[in-house]
Amino acid sequence: DPRSGGAAWKFEQFDVSDSGMLTTASDLLFTGGREGYFHALDARTGEELWKASLGAQIVMAPVTFMVDGRQYLSVISGHTLVTFALRD
């Protein structure tokens, strides 16, 4: 919590992570880990909304971009670039 300096919530992962995190204006948080899972969390509560097994270590912070009014999210897992289209 930036106002108090204390922890607002905690999300346990299998191992330490080389991945960064991305948060969006709609309070989504995306991150991954060495075990190959890519997670979408509610940034306010830490609740896991979904996860996907991408098959290899998540090695970068996710990025988001818009194409023709649709928002996409990309992340590298191992040697593969994986892209998701976000729901409206």
If we keep only residues of region 62-88 that are of a type in the set (S, T, N, Q) and modelled with pLDDT under 95, then the residue surrounded by the fewest Cβ atoms within 10 Å (Cβ to Cβ) is T80
Kindly check whether there is at least one residue in region 40-53 that is surrounded by 11 or more Cβ atoms within 10 Å (Cβ to Cβ), in contact (Cβ under 8 Å) with a residue 40 or more places away in the chain and not aliphatic (A, V, I, L, M). no
Just name the residue that is most open to solvent (accessible area, probe 1.4 Å) out of those in region 1-26 that are farther than 15 Å from P62 by Cα and among the charged types (D, E, K, R). R3
Restricting attention to region 59-84, report how many residues are aliphatic (A, V, I, L, M) and out of contact with any Leu (no Cβ under 8 Å at 6 or more places or on another chain). 6
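The values are calculated or read from the model by the stated rules, or taken from the named source; none is laboratory data. Here the structure is a predicted model, which means the values were calculated and not measured. Note: ideal-geometry Cβ built from the backbone for every residue, glycine included; neighbour counts use all protein chains shown. For the accessible areas, the whole protein counts, side chains as well, though only heavy atoms, and no ligand, DNA or RNA atoms are used. Shrake-Rupley method; radii C 1.70, N 1.55, O 1.52, S 1.80 Å.
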